[in-house]
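Comments concern the structure below.
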Amino acid sequence: MTESTQFEALTDDTVVTTRKTIIVFSGEFDKVMAAFIIANGAAAMDDDVTMFFTFWGLNALRRTEKVATSGKSSLQKVFSAMMPRGPGRLRLSHMNFAGAGPKLMQRMMRQEKVMPMHDLIASAREQGVKMIACSMSMDIMGLRPEELIDGLEYAGVASYLGDADEANVNLFI
Amino acid sequence: MTESTQFEALTDDTVVTTRKTIIVFSGEFDKVMAAFIIANGAAAMDDDVTMFFTFWGLNALRRTEKVATSGKSSLQKVFSAMMPRGPGRLRLSHMNFAGAGPKLMQRMMRQEKVMPMHDLIASAREQGVKMIACSMSMDIMGLRPEELIDGLEYAGVASYLGDADEANVNLFI
Amino acid sequence: MTESTQFEALTDDTVVTTRKTIIVFSGEFDKVMAAFIIANGAAAMDDDVTMFFTFWGLNALRRTEKVATSGKSSLQKVFSAMMPRGPGRLRLSHMNFAGAGPKLMQRMMRQEKVMPMHDLIASAREQGVKMIACSMSMDIMGLRPEELIDGLEYAGVASYLGDADEANVNLFI
């Protein structure tokens with residue numbers, strides 16, 4: 001074995017990757033925003049980024065308009081009707097003030113020229129951030145792909161773990 | 001030094017492990033479920049998994065029945081009486097509906113043939129997931145080992161950090 | 001290339017670091033305490049530790065006394081007036097009991113000889129834990145450096161990602 005093939009072998013086994021994964025579990029405005037700021041920052045530094053949206057985090061990916069679906073159980077209908085549709089309707093984790101909090105937060109973001117949530121999501125997509133919607137959570141809550149925004153992948157925890165195994169930063173938000 | 005001993009040395013220092021650690025801090029039904037789904041998924045992929053239960057996360061490990069204990073301060077008695085005993089009594093982080101939420105969520109899980117929490121915990125144990133109860137949190141809250149389910153280890157943050165140092169995915173839930 | 005320079009090369013590329021990073025997003029007493037316990041534990045094991053305080057987590061770094069500031073928008077004035085100043089005023093994530101919860105928790109910590117939050121913060125600083133206040137969050141919420149405790153660095157997400165890239169454990173709390 002030559003030295004150069006040794007290094008190739010090492011590279012295979014011990015490569016220091018710069019993939020990042022973020023599980024977006026919480027559907028709160030501030031936490032989803034933090035997730036997208038980290039994802040956009042990492043993508044801007046040329047990292048591969050995987051965002052895995054599960055449970056309440058899926059609400060951030062819902063289309064704003066109501067979408068007709070079929071085959072939901074009555075419980076699923078109630079749950080999906082009560083859950084917020086899209087980033088504009090998420091609550092704050094603190095100081096929500098019955099829904100006024102997120103609007104105030106967004107106004108403060110505008111004052112400070114921080115990219116609004118909609119643009120953060122669009123930018124993540126443009127930068128090639130992989131956005132996976134957790135298929136098991138969607139089954140439980142009765143969310144259908146047609147209710148979510150375009151450009152998503154649909155997969156389960158094994159797919160997340162595969163990406164996380166290649167990453168050097170893995171966060172649960 | 002021969003090439004083979006070189007590689008042994010490398011393995012010692014730079015081994016890419018597939019251990020995963022999960023700190024289960026939050027005692028909410030949905031977050032504990034997410035933790036066990038990830039743990040079971042990783043264990044199914046032959047990873048070593050350490051779950052470190054601390055603070056409210058310990059409630060997921062409590063026995064359902066009341067257990068007589070001695071030596072608790074009056075404050076600890078109040079706290080442990082008010083904290084939920086076992087996974088069946090945890091609340092949802094959103095849409096708890098005064099306790100109805102977790103029951104509805106479990107019914108939706110059954111409808112979709114998702115393993116119920118009890119089975120997720122049993123499966124994690126069968127797959128050899130290491131479950132550590134944080135001894136410092138137990139001291140603070142006055143929880144005794146006899147109040148928790150069998151098969152746990154009892155250790156502190158140093159033990160968690162030791163496992164995390166060997167892992168390539170570390171989550172705080 | 002001699003064997004020793006080979007190892008130097010390897011060290012450059014594949015060094016197994018023991019840096020830890022913790023994003024402290026949540027400003028709840030129990031979560032901030034968990035963050036500092038992990039940070040202190042890791043520092044005691046000679047790890048480099050970076051804590052990145054963002055959003056509500058910044059409240060844990062606020063000075064207890066009111067600090068006069070200028071140039072805040074009226075919204076920012078309202079937000080910063082309503083947010084807790086310093087660790088002594090943070091709420092618990094569960095069982096807050098209108099503010100009594102954290103006091104009860106601290107009494108239980110004293111009973112069990114667990115280091116109080118103030119000492120945990122001081123100890124982290126003495127052990128050389130790098131504490132970064134997220135400049136973007138400070139801009140949004142209108143928090144000024146003079147309102148925060150001494151010894152902090154001020155930086156953004158790129159700085160966090162730089163440290164996280166060098167770390168083997170990265171948590172979001």
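Each value in this text was obtained by applying a stated rule to the coordinates, not by laboratory testing. Being a predicted model, the structure only gives us computed values, none of them experimental. Glycine also receives a Cβ, built like all others from the backbone with ideal geometry; neighbour counts cover every protein chain displayed.
For the peptide C:38-46, the mean number of other protein chain Cβ atoms found within 10 angstrom of a residue's Cβ is 3. With the label put 7 angstrom out from Cα along the Cα-to-Cβ vector, B:GLU65 ends up 5.8, 5.8 nm from the copy partners, going from closest to farthest. Shielding of peptide C:125-137 by partners, expressed as the average count of other chain Cβ atoms within 10 Å per residue Cβ, is 1. Placing a label point 7 Å from the Cα of B:VAL78 along the Cα-to-Cβ direction, the distances to the matching points in the other copies come to 3.5, 3.5 nm, shortest first. Each Lys and Arg adds +1 at its Cβ and each Asp and Glu adds -1 at its Cβ; summed about the Cα centre, the protein assembly as shown shows a dipole of about 4440 debye. Take each residue of peptide C:92-98, count the partner chain Cβ atoms within 10 Å of its Cβ, and average: the result is 4. Using the Cα centre of the protein assembly as shown as origin and beta-carbon charges of +1 (Lys, Arg) and -1 (Asp, Glu), tell me which of B:THR69, A:LEU58, B:PHE25 is placed farthest towards the positive end of the dipole. Looking along the dipole axis, the top candidate is B:THR69. Counting only the Cα atoms, the protein assembly as shown fills a convex hull of 162 Å³ per residue. Label reach from A:MET45 (point 7 Å along Cα→C-beta): in the range A:153-173, amide nitrogens under 19 Å belong to A:164-173. Sorted shortest first, the distances from the B:GLY99 label point to those of the same residue in the other copies are 2.9, 2.9 nm; each point sits 7 Å from Cα along Cα-to-Cβ. Expressed as a whole percent, the proportion of Cα-Cα pairs in chain C lying more than 21 Å apart is 52%.
The residues packed around A:VAL169, meaning those with a beta-carbon under 15 Å from its beta-carbon, carry a net charge of -3 if Lys and Arg are +1 and Asp and Glu are -1. Over chain C, dividing the summed -39,500 (n - 2.57) contributions of all DSSP H runs of at least 4 residues by the number of residues returns a 222 nm mean residue ellipticity of -13000 deg cm²/dmol.
With the simple model of a label 7 Å out from the Cα in the direction of the Cβ, C:THR64 to A:SER123 spans 3.9 nm. At 7 Å along Cα-to-Cβ for each site, give me the label-to-label distance between B:GLU112 and C:GLU166 in nm. In this crude spin-label approximation the distance works out to 4.2 nm. About its Cα centre, the range A:19-173 has a charge dipole of approximately 840 debye under the convention of +1 per Lys or Arg Cβ and -1 per Asp or Glu Cβ, with nothing else charged. Considering only DSSP beta bridges with both partners in the protein assembly as shown, what is the antiparallel share in %, to the nearest 5? Taking every DSSP beta bridge within the protein assembly as shown, about 5 percent pair in antiparallel fashion.
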